[in-house]
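Beneath this line is the structure, given in structure tokens, with notes to follow.
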Amino acid sequence: MNDAEQTRQARLAANEAVYRAVNEQIEHLNQVILQSASDPELAIVCECADMSCTARTPVDVETYERVRSDPTWFIVVPGHETPDVEDIVEQRATFNIVCEHKGIGMHVAQQTNTRK
């Protein structure tokens, strides 16, 4: 893999990490404002690599927590995957769970994980 491709993969993974951080704040606010983790869903921002994406999707809290347990996994709206840098792990009606390929993208995803 050449330097340009590594740089691109790192940038795409960093973009996804930005959305992951936003969704961590959404989850936190959900818990604080509602004073309860019993709300079954979060309306999260698509965690795709497109920094102009504003799509949102409902995700149940249990699935959200399962995805957050692996720093290389992200939740994206169907069709927002980047197949050359990530694989679909699981498909749902309103979102897909994707995993960064091994390499620089995986490294960036792990390094930007806020749940270390």
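The values are calculated or read from the model by the stated rules, or taken from the named source; none is laboratory data. Please read all numbers here as calculations on a predicted model, not as lab measurements. Backbone-built Cβ (ideal geometry, glycine too); neighbour counts: all protein chains shown.
Overview of results
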{"quantity": "Cβ-Cβ under 7 Å pairs, at least 6 apart or on other chains, the stretch 93-106 side at pLDDT below 95, far side part of a strand (DSSP E or B)", "calculated": "GLU100/GLU86; HIS101/GLU86; HIS101/ASP87; MET106/GLU100"}
{"quantity": "Selection from the stretch 61-76 of residues that are surrounded by fewer than 18 Cβ atoms within 10 Å (Cβ to Cβ) and of a type in the set (A, V, I, L, M, F, W, C)", "calculated": "VAL61"}
{"quantity": "Odd one out for GLU86, checked against (1) without any contact (Cβ under 8 Å) to a residue 12 or more places away in the chain; (2) within 15 Å of ALA14 (Cα to Cα)", "calculated": "(1)"}
{"quantity": "Hits in the stretch 80-116 (condition: of a type in the set (Asp, Glu) and in a loop (DSSP other than H, G, I, E, B))", "calculated": "GLU81, ASP84"}
{"quantity": "Hey, MET106 in contact with a Gly (Cβ under 9 Å, 6 or more places away or on another chain) and surrounded by fewer than 20 Cβ atoms within 10 Å (Cβ to Cβ) or not", "calculated": "no"}
{"quantity": "Residue in the stretch 24-35 that is out of contact with any Phe, Trp or Tyr (no Cβ under 6 Å at 6 or more places or on another chain) and under 28 Å from GLN6 (Cα atoms) present", "calculated": "yes"}
